[in-house]
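**Student:** My questions all concern the structure below.
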Amino acid sequence: MSELERQIGLFLEELRRRNLSTHTLRAYAADLRQFLRYLSPQGLPPPEPRALDLLALREWLAHLYGRRLSPLTLRRKLAALRGFFRFLVRQGLAEANLAGLLRTPRAPKTLPSPPSPERANRLIDRVGAAPPERPFPARDRLLFELLYGAGLRVSELVGLNLEDLDRSERWLRVRGKGRKERLVPFGKPAAAALEKYLAARAPAPGERALLVNRAGRRLSDRSVRRIVKFYAALLDGDSSLHPHLLRHAFATHLLAGGADLRAIQELLGHARLSTTQKYTQVSLTDLLRVYDKAHPKA
């Protein structure tokens, strides 16, 4: 094992001790393994950590641009590399965080258009209540109710345990990014779906996860995405719908209904209000569309 590969392993182990989410750990590990492979063409040994220079990092970034990756993917890969270089600096294996000198690609400022409230509710009402026959209709219905009704991230949804539920007061204890906890309410439709699912839930011995797969173990985030795509394509004819778009719909529909932006920030678990303010752009677009269609002076 090369020294660079060893240090990447130590860095990832440190992230695990810091309780980063499983999704972030998996993404960072994949990004840094790709970086290591780029520095090891045709099986050649990669350079020592101290030998990495800015030119090599810029060539790596150019290689990523050449693969036509999305700006968001590039930003994540840069974040992984910057975190690794901060680790190398602390270990005395790099004099400076050279990755911090790389230019960050601009993230898209527009959000995908979320489904309307009518469309979202029509889709969810049909999940588990109509053909085709699915093995876990009650689980799938609850999955949709919590993604849209509570605005959860996929990682937060699959991370829910039975002890995170307050069924009488209809609250969820959610562990968000950086393992930060917050309380999120859920509505009567989600509560009804929850009770129906719990009556049918068949966990493996000792399994505390709320949502389980056919083996009775915790449902994976990949499975959630696959389930959402399946129902959206079958019942709504739109295979592009994904779980995060339901989270967008949650925030946008709250804002359109008059909810305070600070309250939406708390519900979503955003560290910065500026992140939540992206949803105002969607609502303003809707307002302009209504104005253009309805006002005589438009």
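Values quoted throughout were computed directly from the atomic coordinates according to the rules given, and no laboratory measurement underlies them. A quick note: this is a predicted structure, and the numbers were derived from the prediction, not measured. Here Cβ is always computed from backbone atoms with ideal geometry, including for glycine, and neighbour counts include all displayed protein chains.
**Student:** Roughly speaking, what is the centre-to-centre gap between the stretch 163-216 and the stretch 1-61 when only Cα atoms are used, to the nearest Å?
**Tutor:** 36 Å
**Student:** Find out how many positive minus negative residues lie around Asp236, taking Lys and Arg as positive, Asp and Glu as negative, among other residues whose Cβ is under 10 Å from that of Asp236.
**Tutor:** That sum, taken over residues with Cβ under 10 Å, equals +2.
**Student:** What residues have an amide H closer than 5 Å to that of Asn161, excluding those fewer than 5 places away on the same chain, when H is modeled at 1.01 Å from N in the peptide plane?
**Tutor:** Here Leu210 satisfy the definition.
**Student:** What angle, in degrees between 0 and 90 and rounded to the nearest 10, separates the Cα long axis of helix 221-231 from the longest principal axis of the Cα atoms of the chain?
**Tutor:** 40 degrees
**Student:** Name the shape class, rounded, prolate or oblate, that the alpha-carbon gyration tensor gives for the stretch 3-101, where a ≥ b ≥ c are the square roots of its eigenvalues, rounded holds for a/c under 1.5, and otherwise prolate holds if a/b is larger than b/c and oblate otherwise.
**Tutor:** rounded
**Student:** Count neighbours as other Cβ atoms within 10 Å of each site's Cβ, and list the trypsin sites (Lys or Arg not before Pro) in the stretch 120-191 that are DSSP loop with at most 12 such neighbours.
**Tutor:** Arg167, Lys180
**Student:** Using the Karplus curve 6.51 cos²θ - 1.76 cosθ + 1.60 with θ = phi - 60°, work out ³J(HN,Hα) for each residue of the stretch 70-78 in order, rounded to whole Hz, and write x for Gly and Pro.
**Tutor:** 5, x, 5, 5, 4, 5, 5, 5, 5
**Student:** What does the charge count around Arg75 come to, taking other residues whose C-beta lies under 12 Å from its C-beta (Lys +1, Arg +1, Asp -1, Glu -1)?
**Tutor:** Summing Lys and Arg as +1 and Asp and Glu as -1 gives +4.
**Student:** Could I ask something else about it? Report the GluC sites (Glu not before Pro) located in the stretch 112-221 that are in a DSSP loop and have at most 12 other Cβ atoms inside 10 Å of their Cβ, or state none.
**Tutor:** Glu133, Glu169
**Student:** Starting at the first residue of the stretch 16-26, write each ³J(HN,Hα) from the Karplus equation 6.51 cos²θ - 1.76 cosθ + 1.60 with θ = phi - 60°, in whole Hz, x for Gly and Pro.
**Tutor:** Those phi angles translate into 5, 5, 7, 6, 5, 5, 4, 4, 5, 4, 5 Hz.
**Student:** For Lys188, what is the net charge nearby, where nearby means another residue's Cβ is under 15 Å from its Cβ and Lys, Arg count +1, Asp, Glu -1?
**Tutor:** Residues near Lys188 contribute -1 overall.
**Student:** With a point put 7 Å past each Cα toward its Cβ, work out how far Arg134 is from Thr73 in nm, to one decimal.
**Tutor:** Simple spin-label model gives 2.8 nm for this pair.
**Student:** Also, I was wondering about something else. What is the gain in length, in nm to one decimal, between Arg119 and Asn161 on full extension, counting 0.36 nm per residue of separation less the C-alpha to C-alpha distance?
**Tutor:** Result: 12.2 nm gained on full extension.
**Student:** Give me Tyr65, Tyr28, Tyr148, Tyr38 ranked fewest to most by other Cβ atoms within 10 Å of their Cβ, as a rough exposure proxy.
**Tutor:** Final ranking by Cβ density, sparse to dense: Tyr65, Tyr38, Tyr28, Tyr148.
**Student:** Go ahead and run the numbers for FRET between Arg214 and Glu14, Cβ-Cβ distance against an R0 of 30 Å, rounding to 0.05.
**Tutor:** Efficiency computed from Cβ-Cβ geometry: 0.30.
**Student:** A follow-up question, please. Once the piece of chain linking Gln34 and Leu261 is laid out straight, how much longer is it, given 0.36 nm per residue of separation minus the C-alpha distance between them?
**Tutor:** 77.8 nm
**Student:** Taking the chain, how much of its Cα-Cα pair set, in percent, is spaced more than 31 angstrom apart?
**Tutor:** Counting every Cα pair in the chain, those more than 31 Å apart make up 42 percent.
**Student:** Scan the stretch 6-91 for trypsin sites (Lys or Arg not before Pro) in coil per DSSP, keeping those whose Cβ has at most 11 other Cβ atoms within 10 Å, and list them by number.
**Tutor:** Arg18, Arg67, Arg68
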